[in-house]
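Here is the structure we will look at.
The values are calculated or read from the model by the stated rules, or taken from the named source; none is laboratory data. The model shown is predicted, which means the values in this text are computed figures rather than measured ones. Here the Cβ positions follow ideal geometry from the backbone for every residue, glycine too, while neighbour counts run over all protein chains shown. With ligands, DNA and RNA removed, areas are computed over all heavy atoms of the protein, side chains included. Shrake-Rupley method; radii C 1.70, N 1.55, O 1.52, S 1.80 Å.
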Amino acid sequence: MNNKLTIIKIGGSVITDKHTPFSVDLNAIKSIIGEMKPVKEEKTIIVHGGGSFGHPVAIKYMLSNGLKNREQVKGVVETSQAMLSLNKIIVDMFIQEDFPVISCSPHNIFITRNGRICKSFLYPLNYFLEMGLIPVLFGDVVYDTERGVSILSGDQIVSYLSIKLKANRVILGTDVDGIYSSDPKINPEAQLIRELNPENYQDILKILKSTTKNRIDVTGGMYGKVRELVRVAKHGIDIYIVNARTPGNISKILNSSDINCTRFKNWCKR
Ligand code: ADP
Ligand code: IPE
(Lines give C-alpha, C1' and ligand atoms only; values in the text may rest on other atoms or scores of the structure.)
(Ligands and ions follow the chains in the order given, each with its own letter.)
Protein backbone atom coordinates (compact mmCIF):
# COMPACT_ATOMS: atom_id res chain seq x y z
CA MET A 1 0.00 0.00 0.00
CA ASN A 2 1.16 3.51 -0.94
CA ASN A 3 1.90 5.35 2.33
CA LYS A 4 0.68 8.73 1.06
CA LEU A 5 -2.54 9.87 2.71
CA THR A 6 -5.45 11.23 0.67
CA ILE A 7 -8.31 12.99 2.45
CA ILE A 8 -11.53 13.40 0.51
CA LYS A 9 -14.51 15.45 1.68
CA ILE A 10 -17.84 14.95 -0.01
CA GLY A 11 -19.90 18.05 0.63
CA GLY A 12 -23.49 17.97 1.81
CA SER A 13 -24.39 19.80 -1.41
CA VAL A 14 -23.38 16.69 -3.36
CA ILE A 15 -24.92 13.88 -1.34
CA THR A 16 -28.18 15.64 -0.39
CA ASP A 17 -30.49 18.32 -1.72
CA LYS A 18 -29.71 21.11 0.75
CA HIS A 19 -33.11 22.73 0.15
CA THR A 20 -35.20 19.64 1.05
CA PRO A 21 -34.73 18.34 4.61
CA PHE A 22 -33.57 14.71 4.85
CA SER A 23 -33.25 14.20 1.09
CA VAL A 24 -30.38 11.96 0.11
CA ASP A 25 -29.06 11.72 -3.48
CA LEU A 26 -28.34 7.99 -3.76
CA ASN A 27 -27.33 8.24 -7.43
CA ALA A 28 -24.73 10.90 -6.69
CA ILE A 29 -23.30 8.85 -3.83
CA LYS A 30 -23.22 5.68 -5.94
CA SER A 31 -21.41 7.35 -8.80
CA ILE A 32 -18.82 8.99 -6.52
CA ILE A 33 -18.13 5.65 -4.83
CA GLY A 34 -17.62 4.13 -8.29
CA GLU A 35 -15.09 6.85 -9.09
CA MET A 36 -13.19 6.33 -5.85
CA LYS A 37 -11.94 2.86 -6.84
CA PRO A 38 -8.36 4.19 -7.32
CA VAL A 39 -8.11 4.73 -3.54
CA LYS A 40 -9.86 1.54 -2.41
CA GLU A 41 -6.56 0.04 -1.32
CA GLU A 42 -4.76 3.29 -0.56
CA LYS A 43 -4.34 5.19 2.70
CA THR A 44 -7.51 7.29 2.61
CA ILE A 45 -9.87 9.15 4.94
CA ILE A 46 -13.35 10.12 3.80
CA VAL A 47 -15.31 12.93 5.44
CA HIS A 48 -18.85 13.87 4.46
CA GLY A 49 -20.95 16.92 5.16
CA GLY A 50 -24.30 17.33 6.84
CA GLY A 51 -26.31 18.76 3.96
CA SER A 52 -30.05 18.56 4.46
CA PHE A 53 -29.61 16.14 7.42
CA GLY A 54 -27.43 18.07 9.89
CA HIS A 55 -27.97 21.72 8.99
CA PRO A 56 -31.79 22.05 9.30
CA VAL A 57 -31.80 20.36 12.72
CA ALA A 58 -28.87 22.44 13.99
CA ILE A 59 -30.70 25.58 12.81
CA LYS A 60 -34.02 24.50 14.34
CA TYR A 61 -32.40 24.20 17.78
CA MET A 62 -29.99 27.12 17.28
CA LEU A 63 -27.02 24.95 18.17
CA SER A 64 -24.32 26.95 16.40
CA ASN A 65 -23.96 29.32 19.36
CA GLY A 66 -23.90 26.48 21.87
CA LEU A 67 -26.18 25.11 24.54
CA LYS A 68 -28.25 27.77 26.28
CA ASN A 69 -31.38 25.91 27.40
CA ARG A 70 -32.71 22.46 28.21
CA GLU A 71 -34.77 22.22 25.01
CA GLN A 72 -31.56 22.30 22.99
CA VAL A 73 -30.45 18.97 24.49
CA LYS A 74 -33.13 17.42 22.30
CA GLY A 75 -31.49 19.23 19.39
CA VAL A 76 -28.14 17.61 20.19
CA VAL A 77 -29.82 14.19 20.15
CA GLU A 78 -31.61 14.89 16.87
CA THR A 79 -28.59 16.44 15.10
CA SER A 80 -26.35 13.58 16.13
CA GLN A 81 -28.96 11.05 15.04
CA ALA A 82 -29.53 12.80 11.71
CA MET A 83 -25.82 12.66 10.96
CA LEU A 84 -25.51 9.03 12.05
CA SER A 85 -28.38 8.04 9.76
CA LEU A 86 -26.80 9.84 6.77
CA ASN A 87 -23.44 8.26 7.63
CA LYS A 88 -24.99 4.79 7.76
CA ILE A 89 -26.48 5.19 4.30
CA ILE A 90 -23.10 6.24 2.91
CA VAL A 91 -21.01 3.64 4.75
CA ASP A 92 -23.42 0.85 3.70
CA MET A 93 -23.09 1.92 0.07
CA PHE A 94 -19.28 1.86 0.28
CA ILE A 95 -19.42 -1.64 1.82
CA GLN A 96 -21.66 -2.84 -1.04
CA GLU A 97 -18.78 -1.90 -3.36
CA ASP A 98 -16.24 -3.76 -1.16
CA PHE A 99 -14.52 -0.70 0.27
CA PRO A 100 -12.93 -1.50 3.69
CA VAL A 101 -14.65 1.46 5.36
CA ILE A 102 -15.23 2.05 9.05
CA SER A 103 -17.53 4.70 10.46
CA CYS A 104 -15.84 7.00 13.01
CA SER A 105 -18.09 9.41 14.91
CA PRO A 106 -16.44 12.83 15.37
CA HIS A 107 -18.28 13.43 18.68
CA ASN A 108 -16.17 10.60 20.12
CA ILE A 109 -12.92 11.91 18.63
CA PHE A 110 -12.92 15.70 18.91
CA ILE A 111 -13.52 18.35 21.58
CA THR A 112 -13.79 21.98 20.55
CA ARG A 113 -13.16 25.24 22.39
CA ASN A 114 -15.35 28.04 21.03
CA GLY A 115 -15.92 26.02 17.89
CA ARG A 116 -12.29 25.14 17.16
CA ILE A 117 -10.89 21.64 17.72
CA CYS A 118 -8.73 21.77 20.85
CA LYS A 119 -8.37 18.04 21.65
CA SER A 120 -8.61 14.83 19.68
CA PHE A 121 -8.30 11.12 20.28
CA LEU A 122 -6.72 9.82 17.10
CA TYR A 123 -5.23 6.46 18.19
CA PRO A 124 -8.03 4.30 16.78
CA LEU A 125 -8.10 6.28 13.54
CA ASN A 126 -4.34 5.88 13.09
CA TYR A 127 -4.49 2.15 13.75
CA PHE A 128 -7.44 1.75 11.40
CA LEU A 129 -5.39 3.45 8.66
CA GLU A 130 -2.44 1.15 9.36
CA MET A 131 -4.74 -1.87 9.02
CA GLY A 132 -5.83 -0.69 5.59
CA LEU A 133 -9.24 0.50 6.73
CA ILE A 134 -10.77 3.70 5.34
CA PRO A 135 -12.26 5.80 8.17
CA VAL A 136 -15.45 7.67 7.27
CA LEU A 137 -16.11 10.77 9.39
CA PHE A 138 -18.69 13.54 9.06
CA GLY A 139 -19.63 17.03 10.20
CA ASP A 140 -21.12 16.56 13.67
CA VAL A 141 -22.36 18.05 16.92
CA VAL A 142 -19.51 17.78 19.46
CA TYR A 143 -18.72 18.72 23.05
CA ASP A 144 -17.37 22.27 23.37
CA THR A 145 -15.54 23.32 26.54
CA GLU A 146 -17.00 26.87 26.49
CA ARG A 147 -20.35 26.53 24.72
CA GLY A 148 -21.50 23.08 25.80
CA VAL A 149 -21.70 21.92 22.19
CA SER A 150 -20.65 23.18 18.78
CA ILE A 151 -21.29 22.22 15.20
CA LEU A 152 -18.01 20.92 13.87
CA SER A 153 -17.87 21.11 10.08
CA GLY A 154 -16.45 18.36 7.92
CA ASP A 155 -14.20 21.07 6.47
CA GLN A 156 -12.61 21.75 9.87
CA ILE A 157 -12.15 18.01 10.42
CA VAL A 158 -10.43 17.74 7.03
CA SER A 159 -8.19 20.70 7.82
CA TYR A 160 -7.25 19.36 11.27
CA LEU A 161 -6.59 15.78 10.13
CA SER A 162 -4.63 16.81 7.03
CA ILE A 163 -2.19 18.79 9.13
CA LYS A 164 -2.00 16.33 12.06
CA LEU A 165 -1.62 13.24 9.87
CA LYS A 166 0.48 14.99 7.19
CA ALA A 167 -1.82 14.27 4.28
CA ASN A 168 -0.36 14.25 0.83
CA ARG A 169 -3.43 15.70 -0.91
CA VAL A 170 -6.87 16.95 0.00
CA ILE A 171 -9.87 16.85 -2.32
CA LEU A 172 -13.02 18.80 -1.53
CA GLY A 173 -15.97 17.64 -3.59
CA THR A 174 -18.79 20.16 -3.85
CA ASP A 175 -21.57 21.02 -6.35
CA VAL A 176 -19.76 23.77 -8.29
CA ASP A 177 -16.45 23.65 -10.19
CA GLY A 178 -14.51 25.54 -7.51
CA ILE A 179 -14.24 29.12 -6.29
CA TYR A 180 -15.84 31.70 -8.58
CA SER A 181 -15.74 35.48 -8.86
CA SER A 182 -19.34 35.37 -7.57
CA ASP A 183 -21.84 32.62 -6.68
CA PRO A 184 -22.17 30.68 -9.98
CA LYS A 185 -25.66 29.53 -9.02
CA ILE A 186 -26.83 33.14 -8.92
CA ASN A 187 -24.60 34.79 -11.53
CA PRO A 188 -24.14 32.86 -14.82
CA GLU A 189 -21.28 35.26 -15.73
CA ALA A 190 -19.25 34.17 -12.69
CA GLN A 191 -15.66 33.22 -13.59
CA LEU A 192 -13.94 30.14 -12.20
CA ILE A 193 -10.80 30.99 -10.25
CA ARG A 194 -8.48 28.12 -11.10
CA GLU A 195 -5.75 29.00 -8.65
CA LEU A 196 -5.89 30.31 -5.11
CA ASN A 197 -2.51 31.67 -4.02
CA PRO A 198 -1.20 34.08 -1.37
CA GLU A 199 -1.42 36.94 -3.91
CA ASN A 200 -5.14 36.64 -4.72
CA TYR A 201 -6.29 35.17 -1.37
CA GLN A 202 -7.41 38.38 0.38
CA ASP A 203 -9.43 39.56 -2.64
CA ILE A 204 -11.06 36.16 -3.02
CA LEU A 205 -11.91 36.00 0.67
CA LYS A 206 -13.71 39.35 0.32
CA ILE A 207 -15.68 37.97 -2.63
CA LEU A 208 -16.60 34.82 -0.72
CA LYS A 209 -17.65 36.77 2.34
CA SER A 210 -20.12 38.71 0.24
CA THR A 211 -21.40 35.76 -1.84
CA THR A 212 -21.77 33.13 0.88
CA LYS A 213 -25.23 32.98 2.40
CA ASN A 214 -25.59 31.18 5.70
CA ARG A 215 -29.33 30.64 5.85
CA ILE A 216 -29.21 26.89 5.28
CA ASP A 217 -25.59 26.27 6.22
CA VAL A 218 -24.48 26.77 9.81
CA THR A 219 -20.81 26.16 9.10
CA GLY A 220 -19.86 29.03 6.77
CA GLY A 221 -20.42 27.65 3.25
CA MET A 222 -17.71 28.26 0.65
CA TYR A 223 -16.22 31.08 2.76
CA GLY A 224 -15.77 28.75 5.74
CA LYS A 225 -14.35 26.05 3.48
CA VAL A 226 -11.66 28.29 2.02
CA ARG A 227 -10.66 29.71 5.40
CA GLU A 228 -10.22 26.16 6.74
CA LEU A 229 -8.26 25.00 3.74
CA VAL A 230 -5.78 27.82 3.62
CA ARG A 231 -4.42 26.54 6.93
CA VAL A 232 -3.71 23.24 5.17
CA ALA A 233 -2.19 24.89 2.10
CA LYS A 234 0.32 26.66 4.33
CA HIS A 235 1.70 23.21 5.21
CA GLY A 236 2.48 22.57 1.56
CA ILE A 237 -0.37 20.07 1.10
CA ASP A 238 -2.02 19.90 -2.35
CA ILE A 239 -5.67 20.98 -2.23
CA TYR A 240 -8.35 20.81 -4.90
CA ILE A 241 -11.95 22.05 -4.74
CA VAL A 242 -13.78 20.08 -7.43
CA ASN A 243 -17.30 19.54 -8.70
CA ALA A 244 -18.13 16.04 -7.44
CA ARG A 245 -21.43 16.13 -9.33
CA THR A 246 -19.64 16.17 -12.69
CA PRO A 247 -19.16 12.54 -13.79
CA GLY A 248 -15.49 11.61 -14.10
CA ASN A 249 -14.13 14.49 -12.01
CA ILE A 250 -13.33 12.51 -8.85
CA SER A 251 -11.63 9.67 -10.71
CA LYS A 252 -9.66 12.12 -12.87
CA ILE A 253 -8.42 14.13 -9.92
CA LEU A 254 -7.49 10.90 -8.08
CA ASN A 255 -5.49 9.90 -11.15
CA SER A 256 -3.82 13.35 -11.16
CA SER A 257 -5.47 14.39 -14.44
CA ASP A 258 -6.26 18.02 -15.11
CA ILE A 259 -9.89 19.13 -14.64
CA ASN A 260 -11.76 22.41 -14.29
CA CYS A 261 -11.38 23.13 -10.59
CA THR A 262 -9.70 25.42 -8.05
CA ARG A 263 -6.27 24.40 -6.91
CA PHE A 264 -4.46 26.00 -3.96
CA LYS A 265 -1.02 26.80 -5.30
CA ASN A 266 2.32 28.27 -4.20
CA TRP A 267 1.57 28.51 -0.48
CA CYS A 268 4.87 26.89 0.45
CA LYS A 269 7.10 24.04 -0.55
CA ARG A 270 7.30 20.91 1.59
P1 ADP B 1 -20.64 21.72 0.52
O2 ADP B 1 -22.03 21.42 1.03
O3 ADP B 1 -20.35 20.97 -0.75
O4 ADP B 1 -19.59 21.56 1.57
P5 ADP B 1 -21.29 24.53 0.53
O6 ADP B 1 -22.77 24.45 0.28
O7 ADP B 1 -20.87 24.82 1.90
O8 ADP B 1 -20.59 23.20 0.02
O9 ADP B 1 -20.62 25.56 -0.46
C10 ADP B 1 -20.80 25.39 -1.87
C11 ADP B 1 -21.76 26.43 -2.38
O12 ADP B 1 -21.18 27.71 -2.22
C13 ADP B 1 -22.07 26.31 -3.85
O14 ADP B 1 -23.22 25.53 -4.04
C15 ADP B 1 -22.24 27.75 -4.31
O16 ADP B 1 -23.57 28.03 -4.71
C17 ADP B 1 -21.90 28.58 -3.06
N18 ADP B 1 -21.07 29.75 -3.35
C19 ADP B 1 -21.30 31.01 -2.86
N20 ADP B 1 -20.39 31.87 -3.31
C21 ADP B 1 -19.54 31.15 -4.10
C22 ADP B 1 -18.37 31.50 -4.86
N23 ADP B 1 -17.90 32.76 -4.89
N24 ADP B 1 -17.74 30.52 -5.55
C25 ADP B 1 -18.19 29.24 -5.51
N26 ADP B 1 -19.29 28.86 -4.82
C27 ADP B 1 -19.97 29.80 -4.12
C1 IPE C 1 -22.25 20.09 9.03
O2 IPE C 1 -21.13 19.61 8.38
C3 IPE C 1 -22.65 19.14 10.13
C4 IPE C 1 -23.89 19.50 10.85
C5 IPE C 1 -24.69 20.48 10.52
C6 IPE C 1 -24.23 18.68 12.01
P7 IPE C 1 -20.55 20.36 7.11
O8 IPE C 1 -20.49 21.83 7.38
O9 IPE C 1 -19.28 19.70 6.75
O10 IPE C 1 -21.66 20.06 6.01
P11 IPE C 1 -21.85 20.56 4.52
O12 IPE C 1 -20.84 19.92 3.67
O13 IPE C 1 -21.72 22.07 4.53
O14 IPE C 1 -23.24 20.12 4.19
Can you give me the number of residues within the stretch 232-270 that are within 19 Å of Lys40 (Cβ to Cβ), among the small types (Gly, Ala, Ser) and within 16 Å of the chain's Cα centre (by Cα)? 1
Filtering the stretch 1-23 down to residues that are away from ligand 2 (no atom under 12 Å from the Cβ) and outside any loop (DSSP other than H, G, I, E, B), which residue is nearest to Val57 (Cα to Cα)? Ile8
How many residues of the stretch 218-240 are in contact with a strand residue (DSSP E or B) (Cβ under 7 Å, 6 or more places away or on another chain), under 23 Å from Gly51 (Cβ atoms) and not in a helix (DSSP H, G or I)? The answer is 4
How many residues, within the stretch 32-43, are surrounded by fewer than 17 Cβ atoms within 10 Å (Cβ to Cβ) and assigned to a helix (DSSP H, G or I)? 3
Answer from Arg215, Arg245 - the residue that is modelled with pLDDT of 95 or more, within 16 Å of ligand 2 (Cβ to nearest atom), open to solvent by 30 Å² or more (accessible area, probe 1.4 Å) and assigned to a loop (DSSP other than H, G, I, E, B): Arg245
Filter the stretch 114-173 for residues that are polar (S, T, N, Q) and closer than 20 Å to Val242 by Cα; the one that is surrounded by the fewest Cβ atoms within 10 Å (Cβ to Cβ) is Asn168
Here the qualifying pairs (Cβ atoms under 6 Å; residues six or more apart or on different chains; first in the stretch 49-78 and within 14 Å of Val142 (Cα to Cα) and away from ligand 2 (no atom under 12 Å from the Cβ); second aromatic (Phe, Trp, Tyr) and part of a loop (DSSP other than H, G, I, E, B)) come out as Gln72/Tyr61
Would a scan of the stretch 177-190 turn up a residue that is open to solvent by 20 Å² or more (accessible area, probe 1.4 Å), touching a strand residue (DSSP E or B) at 6+ places or on another chain (Cβ under 6 Å) and either in a loop (DSSP other than H, G, I, E, B) or among the acidic types (Asp, Glu) (or both)? yes
Odd one out for Ser159, checked against (1) more than 14 Å from ligand 2 (Cβ to nearest atom); (2) closer than 22 Å to Lys43 by Cβ; (3) among the polar types (S, T, N, Q): (1)
Restricting attention to the stretch 112-130, does a residue exist that is within 16 Å of ligand 2 (Cβ to nearest atom), assigned to a helix (DSSP H, G or I) and closer than 16 Å to Lys164 by Cβ? no
